[in-house]
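The structure under discussion appears below in the form of structure tokens.
The values are calculated or read from the model by the stated rules, or taken from the named source; none is laboratory data. These numbers were taken from a predicted model, which means no experiment stands behind them. Here Cβ is always computed from backbone atoms with ideal geometry, including for glycine, and neighbour counts include all displayed protein chains.
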Amino acid sequence: MNVIETRGLTRRYKDQVALDDVNLDIAPNRIYGLLGRNGAGKTTLMSILTAQGFATSGEVRVFGGNPFENEHVLSRLCFVRESQKYPDDFTVRNALDAAALFFPNWDKDLADTLLEDFQLPRPKKHRIKKLSRGQLSAVGVIIGLASRAELTFFDEPYLGLDAVARQLFYDRLLTDFADHPRTIILSSHLIDEVANLLEHVIVIDRGRIVMDDEVEAITGSAFAVAGKSSSVEEFVAGRPILHREGLGALASVTVDTPLSADDRQRAQALGLELAPVSLQQLIIRRTLKANEHYGSHQENNEKDLEVLR
């Protein structure tokens with residue numbers, strides 16, 4: 001049984017459509033990437049799935065039931081928000097103790113270990129409101145991992161964390177997931193950083209799902225070819241093109257088809273170089289292509305998608 005199912009899920013705010021006919025099937029015990037630029041609809045979707053927001057229309061099923069006011073569902077999930085709020089008088093220990101009361105699978109030993117890993121202050125008088133942005137994000141990461149919730153959402157959990165702390169989060173997530181499998185949905189726009197964590201990618205843009213597939217299938221669905229412009233053009237003639245770049249007599253083209261053995265032989269005969277395309281570049285290019293389909297202006301889209309680079 002799927003952990004999450006949505007059908008025709010739509011959310012409107014007056015004249016703005018935040019989610020547009022979203023259909024999803026989320027399987028158990030996998031790590032999903034919910035990717036897209038800022039304002040794409042990621043947080044709105046997660047808020048509805050965790051009963052912290054309402055859909056205008058459509059259906060939502062989490063663990064087979066409606067999540068709203070459903071203790072059977074809500075006790076099995078954890079949502080770590082981008083800007084998690086805590087009572088002003090809370091310390092880090094207060095936050096962890098409160099989480100322990102809510103999450104049935106809470107692992108205190110893991111939480112204490114992560115406190116040391118992220119070097120968070122433990123003094124009882126050190127209020128959580130005095131923490132830095134990165135320290136506050138670390139508290140959310142600790143709660144999300146130590147909750148051991150069957151369904152855990154991380155909404156841009158790394159804000160304020162330096163590169164070392166972000167890598168620590170990724171390492172701890174993979175290690176604990178291997179020992180305690182559950183469904184994890186990681187929202188991010190740092191695609192290259194999280195690519196190695198993900199098994200399945202869902203890309204949302206302007207409220208629409210523009211990509212929903214296995215990472216391996218996505219990265220194997222296109223390739224880049226580079227070399228002399230005339231030879232590149234001969235090679236790509238009649239093929240679907242995702243992106244094209246040129247510099248003088250040289251060109252590089254992203255071809256929107258899987259690479260075949262015949263392609264390798266032909267490229268070698270023409271003196272061309274072949275290369276894989278990163279998950280990040282594929283997401284950017286296909287998001288642009290989807291927006292062109294809906295009549296959006298490409299120059300504006302390029303500017304907006306800088307947040308994914």
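Things to note:
- Some residue of the range 188-201 being modelled with pLDDT under 95 and among the hydroxyl-bearing types (Ser, Thr, Tyr): yes
- Residue within the range 186-207 that is at positive phi, out of contact with any Pro (no Cβ under 6 Å at 6 or more places or on another chain) and crowded, with 18+ Cβ neighbours inside 10 Å present: yes
- Scan of the range 33-77 for residues that are under 19 Å from residue 210 (Cα atoms), touching a residue at least 40 places away in the same chain (Cβ under 8 Å) and surrounded by fewer than 16 Cβ atoms within 10 Å (Cβ to Cβ), ordered by number: 38
- Scanning the range 10-34 for residues that are more than 19 Å from the chain's Cα centre (by Cα) and not hydroxyl-bearing (Ser, Thr, Tyr) returns 11, 12, 14, 15, 16, 17, 21.
- Within the range 135-166, if we keep just the residues that are among the polar types (S, T, N, Q) and modelled with pLDDT under 95, the residue that is farthest from the chain's Cα centre (by Cα) turns out to be 135.
- Qualifying residue in the range 277-287 (condition: touching a residue at least 12 places away in the same chain (Cβ under 8 Å), buried (at least 18 other Cβ atoms within 10 Å of the Cβ) and either in a strand (DSSP E or B) or in the same structural domain as residue 42 (by TED's automatic domain parsing) (or both)): no
- For residue 102, the requirement of being closer than 23 Å to residue 28 by Cα and surrounded by fewer than 14 Cβ atoms within 10 Å (Cβ to Cβ) is met.
- Residue 285 vs. criteria closer than 29 Å to residue 207 by Cα and among the charged types (D, E, K, R): yes
- Scanning the range 8-32 for residues that are touching a Phe, Trp or Tyr at 6+ places or on another chain (Cβ under 8 Å) and more than 19 Å from residue 213 (Cβ to Cβ) yields one hit, 11.
- Meets criteria (over 27 Å from residue 28 (Cα atoms) and assigned by TED's automatic domain parsing to the domain that holds residue 19) for residue 109: no
- Residue in the range 152-173 that is of a type in the set (Ser, Thr, Tyr) and without any contact (Cβ under 8 Å) to a residue 24 or more places away in the chain present: no
- Put simply, of 7, 81, 11, 30 the only residue that is surrounded by 13 or more Cβ atoms within 10 Å (Cβ to Cβ), closer than 30 Å to residue 280 by Cα, among the charged types (D, E, K, R) and touching a helix residue (DSSP H, G or I) at 6+ places or on another chain (Cβ under 6 Å) is 11.
- Looking across the range 246-276, the residues that are at pLDDT 95 or above and in a strand (DSSP E or B) come down to 250, 251, 252, 253, 254, 255, 273, 274, 275.
- Of all the residues in the range 106-128, those that are of a type in the set (Asp, Glu), in a helix (DSSP H, G or I) and within 25 Å of residue 77 (Cβ to Cβ) number 3.
- Selected residue (criterion: farthest from residue 229 (Cα to Cα)) from residues of the range 245-264 that are surrounded by 10 or more Cβ atoms within 10 Å (Cβ to Cβ) and free of Cβ contacts under 8 Å to residues at least 24 places away in the same chain: 260
- Single match in 33, 58, 39, 65 (criterion: in the same structural domain as residue 152 (by TED's automatic domain parsing) and touching a Lys or Arg at 6+ places or on another chain (Cβ under 8 Å)): 58
- Test: residue in the range 129-138 that is assigned by TED's automatic domain parsing to the domain that holds residue 62, part of a helix (DSSP H, G or I) and in contact with a helix residue (DSSP H, G or I) (Cβ under 6 Å, 6 or more places away or on another chain): no
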